[in-house]
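Asks: Below is a structure I'd like to ask you about.
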Amino acid sequence: MTDTAQAADPVHAFIGETVAQNDVVLFMKGTPDQPRCGFSSLAVQILDHVGAGFVGVDVLQDEALREGIKSFTDWPTIPQLYVKGEFVGGSDIIREMFQAGELQALMVEKGVPLGEA
């Protein structure tokens, strides 16, 4: 999608702004305190375990957002993780990267502070 087309779409504009303004963003079903699907819950658990502070955006609150996040990245599933503006992937990729130590390395490389779990 071109920048002009993205700017014309308020949902994509919201997603772009949210990703740009926060180091780590998880577009998910539910909230970090109350995930509403197993995949979102897994992603929250992993981020909590590595100690990465993150913003959770509940896509279930808005149908346009739920569909818009899929077209924003051309990625069909939720949750979706962004680190420093870069799309990382969904729950399977998050889990695989975590298990290989790559998620923590990405966070450190991008300058995301990791606290204690």
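The values are calculated or read from the model by the stated rules, or taken from the named source; none is laboratory data. On a predicted model such as this, the values are computed, not experimentally measured, just so you know. Neighbour counts run over all protein chains shown; Cβ positions are idealised from the backbone, glycine included. We work out accessible area using only protein heavy atoms, side chains counted, and drop any ligands, DNA or RNA first. Shrake-Rupley method; radii C 1.70, N 1.55, O 1.52, S 1.80 Å.
Asks: Answer with yes or no whether residue 80 is under 13 Å from the mean Cα position of the chain (by Cα), closer than 16 Å to residue 52 by Cβ and of a type outside the set (Val, Ile, Thr).
Replies: Details: under 13 Å from the mean Cα position of the chain (by Cα): yes; closer than 16 Å to residue 52 by Cβ: yes; of a type outside the set (Val, Ile, Thr): yes.
When the stated conditions are applied, residue 80 passes them.
Asks: Here is a check on your reading of the model: is residue 89 open to solvent by less than 20 Å² (accessible area, probe 1.4 Å) and over 13 Å from the mean Cα position of the chain (by Cα)? If you could, list the steps in order and put the result at the bottom.
Replies: Values: open to solvent by less than 20 Å² (accessible area, probe 1.4 Å): yes; over 13 Å from the mean Cα position of the chain (by Cα): no.
For residue 89, the condition - open to solvent by less than 20 Å² (accessible area, probe 1.4 Å) and over 13 Å from the mean Cα position of the chain (by Cα) - is not met.
Asks: State which residue pairs qualify: first residue more than 14 Å from residue 91 (Cβ to Cβ) and inside the range 41-63, second residue hydroxyl-bearing (Ser, Thr, Tyr) in any location, beta carbons under 8 Å apart, and separation of 6 or more residues or different chains.
Replies: Close Cβ pairs satisfying both conditions: 55/18; 57/18; 58/31.
Asks: Is it the case that some residue within the range 93-107 is touching a residue at least 60 places away in the same chain (Cβ under 8 Å) and surrounded by fewer than 17 Cβ atoms within 10 Å (Cβ to Cβ)?
Replies: Within the range 93-107, the first condition is being touching a residue at least 60 places away in the same chain (Cβ under 8 Å), and the residues that meet it are 107.
Applying the additional criterion that residues be surrounded by fewer than 17 Cβ atoms within 10 Å (Cβ to Cβ) yields none.
No, that holds for no residue.
Asks: Here's something else I'd like to know. Filter the range 10-29 for residues that are out of contact with any strand residue (DSSP E or B) (no Cβ under 6 Å at 6 or more places or on another chain) and buried (at least 17 other Cβ atoms within 10 Å of the Cβ); which is farthest from residue 107 (Cα to Cα)?
Replies: Out of the qualifying residues, it is 11.
Asks: Follow-up. Which of the residues spanning the range 45-80 are open to solvent by 20 Å² or more (accessible area, probe 1.4 Å) and part of a strand (DSSP E or B)?
Replies: Those that are open to solvent by 20 Å² or more (accessible area, probe 1.4 Å) and part of a strand (DSSP E or B): 55, 56, 58.
Asks: Quickly run through the range 1-50 and pick out the residues that are among the small types (Gly, Ala, Ser) and modelled with pLDDT under 95.
Replies: Residues of the range 1-50 among the small types (Gly, Ala, Ser): 5, 7-8, 13, 16, 20, 30, 38, 40-41, 43.
Residues satisfying the conditions are 5, 7, 8.
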